[in-house]
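What follows is one structure encoded as structure tokens, with my remarks underneath.
What follows is calculated from the coordinates using simple rules that are stated; it is not laboratory data. Remember, predicted model here, so these are calculated numbers, not experimental data. Don't worry about glycine lacking a Cβ; one is built from the backbone with ideal geometry, like all the others, and counts go over all protein chains shown.
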Amino acid sequence: MCAACLAQGPPSHGKIARVIHVRLDRLRAGQAREDRMCGECTACCTVMAVPAKRKPNRHACEHVKACGCEIHSERPDECRLFHCLWLRGAIEGGEPTRPDVLGVMFDQFTVHNPPGESQVHTLAFELWDGALESTEARAVIDELAQRFGLAVSYRDGRWSEVEPG
Ligand code: SF4
Ligand code: SF4
């Protein structure tokens, strides 16, 4: 989903029938869950920064097309190794909670600072206006924020911090 598509708001497909939860056992997984694939989603190609492509966050990559990445086999490691929390299987709910359907992409990573210190960063990226306010998105945000604290990136460029509660 490119920047132009994101600006149009939620797609018509996909319906979430229940409150979704976070699979804590999948949060630290470095790989995609075997039964999940990005499919039509390209949300991270817009919201994430890709230094290898000199791409800042919230700018559509020059290589993202309607069918996905046009340089897929040669994409940088930053893209190859990135798995959002949905792709890792940490967000319940199947395809209706995929970032391009839910409207929010979640990420978590750890920064290791010597000597022996590490810091967990948990992020939520809003893909279209109001997406953070859905019942389903709020359930995930509240659960992550309560455990880790959360940095929220709004579509208009603002950031806010939600402290663990
Ligand atoms: S946001 Fe997640 S599901 Fe969507 S393309 Fe990126 S890694 Fe795949
Ligand atoms: S290089 Fe490909 S995978 Fe990486 S951000 Fe651009 S379109 Fe997405």
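So here's what we get for this one:
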item: Output for the stretch 24-49, where each listed residue is surrounded by 15 or more Cβ atoms within 10 Å (Cβ to Cβ), in a loop (DSSP other than H, G, I, E, B) and of a type in the set (A, V, I, L, M, F, W, C); result: 29, 32, 38, 41, 43, 48
item: Condition check for residue 38: within 13 Å of ligand 1 (Cβ to nearest atom), touching a strand residue (DSSP E or B) at 6+ places or on another chain (Cβ under 9 Å) and more than 24 Å from residue 150 (Cβ to Cβ); result: no
item: Counted residues, the stretch 50-88 - those being within 11 Å of ligand 1 (Cβ to nearest atom), basic (Lys, Arg) and surrounded by fewer than 14 Cβ atoms within 10 Å (Cβ to Cβ); result: 1
item: Strands (runs of 3 or more DSSP E) fully within the stretch 50-165 counting 1 or more residues that are within 16 Å of ligand 2 (Cβ to nearest atom); result: 104-113, 117-126
